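The values are calculated or read from the model by the stated rules, or taken from the named source; none is laboratory data. Being a predicted model, the structure only gives us computed values, none of them experimental. Counting neighbours? That spans all protein chains shown, and the Cβs are built from the backbone with ideal geometry, glycine included. To get the accessible areas, we keep the full protein, side chains included, count just its heavy atoms, and leave off ligands, DNA and RNA. Shrake-Rupley method; radii C 1.70, N 1.55, O 1.52, S 1.80 Å.
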Amino acid sequence: MKVLVTGVGGQLGHDVMNELAQRGYEGVGSDIKEEYSGIQDGTPVTTMPYVPMDITDAASVEKVMREVNPDVMVHCAAWTAVDNAEDEDKQAIVHAINAGGTENIAKMCKELNCKMVYISTDYVFDGQGTEPWEPDCKDYAPLNVYGQTKLDGELAVSGNLDKYFIVRIAWVFGKNGKNFIKTMLNVGKTHDKLTVVNDQIGTPTYTFDLARLLVDMIETEKYGYYHATNEGGYISWYDFTKEIFRQAVAMGHEEYSEDRLSVAPVTTEEYGVSKAARPFNSRLDKSKLVENGFKPLPTWQDALSRYLKEIEF
């Protein structure tokens, strides 16, 4: 099985390539840069085949995909800077990447008759209520530009293809890139008081674990919409922060102890307005994974523990 992976300079694409290598599949990485630009961590992705591709350019996508001729396309590339996406001068490029780029890829997948995995987000919903969102729910109501462009990407995939997996994830962290955990560890070193929102609820997703699931999926023909985060229950960003620091202290990093660093819960309103509206309810129902024979991800607590051992802080 030959798999073309976009966005290998980012968190998820990096881990998908390594998972493919571990299982003996032929992985080809791509991203906008001329050569692989992710973390040089000595893992297989750093030396696997790589092709530059501008997904916003239909001709570039056609050329690369015809040359690689993959059995599967795993599309991880996206504009993910949620607040910046609200800037008027950025909206066109955000749409070109998340919607237009995805459509360019979907059309070529149709032509080459290859499977496609599209990574989406809970931001396609309005984030209201407390019920977990079902993967086949069609009550789309994005709150921000990022969410709308990711939804447009979903519609481009489902509108062009039959052989697709649309996988919505939330609260992502991985070794290769910026994320909430790294941010908290950094600010925790330089502050003695932090405030973190406690009224946005969801579950974190470790890209290392998600990569395994995605490769499990492409080995099947169980197409459709899925939700995938780690197990371990629904939490707030405040709960997540407390556990990050608790585990860091258990590993010997006393600078994050409660004696030195206090973390206070605040509402989104109290925290202050961000450019992009954020969903309060990011709970995702993952039962469809088990129903279709897929192994759920480990708990987020376990994922966090493994992750903290992987990174330097």
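So which lysines can LYS286 reach, going by Cα to Cα under 21 Å and dropping same-chain residues fewer than 8 places off?
Reachable lysines: LYS138, LYS150, LYS163, LYS222, LYS295.
Quick check on my link table: of LYS242/LYS309; LYS2/LYS115; LYS275/LYS309, which ones sit more than 22 Å apart, alpha carbon to alpha carbon?
From the list (LYS242/LYS309; LYS2/LYS115; LYS275/LYS309), the Cα-Cα distance tops 22 Å for LYS275/LYS309.
Order the peptides 206-219, 2-15, 249-262 from the highest to the lowest mean number of other Cβ atoms within 10 Å of their residues.
Highest-to-lowest ranking by the protection proxy: 2-15, 206-219, 249-262.
Counting only heavy atoms of protein chains, what accessible area per residue, in Å², does the range 227-313 have with a probe of 1.4 Å?
51 Å²
Can you give the angle from 0 to 90° between the axis of helix 237-250 and the longest principal axis of the chain, with both taken from C-alpha atoms, to the nearest 10?
80 degrees
Consider the candidate values (i) -0.39, -1.20, -1.41; (ii) -0.50, -1.28, -1.41; (iii) -0.44, -1.26, -1.42; state which one is log10 I(q)/I(0) by the Debye sum over Cα atoms at q = 0.09, 0.15, 0.16 Å⁻¹ computed from the structure displayed.
The calculated read-out lines up with (iii).
Could you state the principal axis extents of the C-alpha atoms in the range 180-313, from the largest down, to the nearest angstrom?
Principal-axis extents of the Cα atoms in the range 180-313, largest first: 51, 34, 22 Å.
Find out how many positive minus negative residues lie around GLY147, taking Lys and Arg as positive, Asp and Glu as negative, among other residues whose Cβ is under 14 Å from that of GLY147.
Local net charge: -3.
For the range 80-217, what is the accessible area per residue in Å², given a 1.4 Å probe and the full set of protein chains?
39 Å²
Pairing the Cα long axis of helix 145-160 with the longest principal axis of the chain, what angle in degrees results, from 0 to 90 and rounded to the nearest 10?
Roughly 30 degrees between the two axes.
Roughly how tilted is helix 11-22, in degrees to the nearest 10 and between 0 and 90, from the longest Cα axis of the chain?
So the inclination is approximately 60 degrees.
As a test of the formula, what do you get for the chain when each DSSP H run with n ≥ 4 contributes -39,500 (n - 2.57) and the sum is divided by the residue count, at 222 nm and rounded to the nearest 500 deg cm²/dmol?
Here the helix-only value at 222 nm equals -10500 deg cm²/dmol.
Please report the carbon-and-sulfur percent of the accessible area for the range 192-252; probe 1.4 Å, protein heavy atoms only, DNA, RNA and ligands left out.
Looking at the range 192-252 in its full context, I get 51 percent from C and S.
In terms of solvent-accessible area of protein heavy atoms at a 1.4 angstrom probe, what is the ranking of LYS178, LYS63, highest value first?
Ranking LYS178, LYS63 by accessible area, largest first, yields LYS178, LYS63.
Excluding THR190 itself, calculate the net charge of residues whose Cβ lies under 12 Å from the Cβ of THR190, where each Lys or Arg counts +1 and each Asp or Glu counts -1.
Net of charged neighbours comes to +1.
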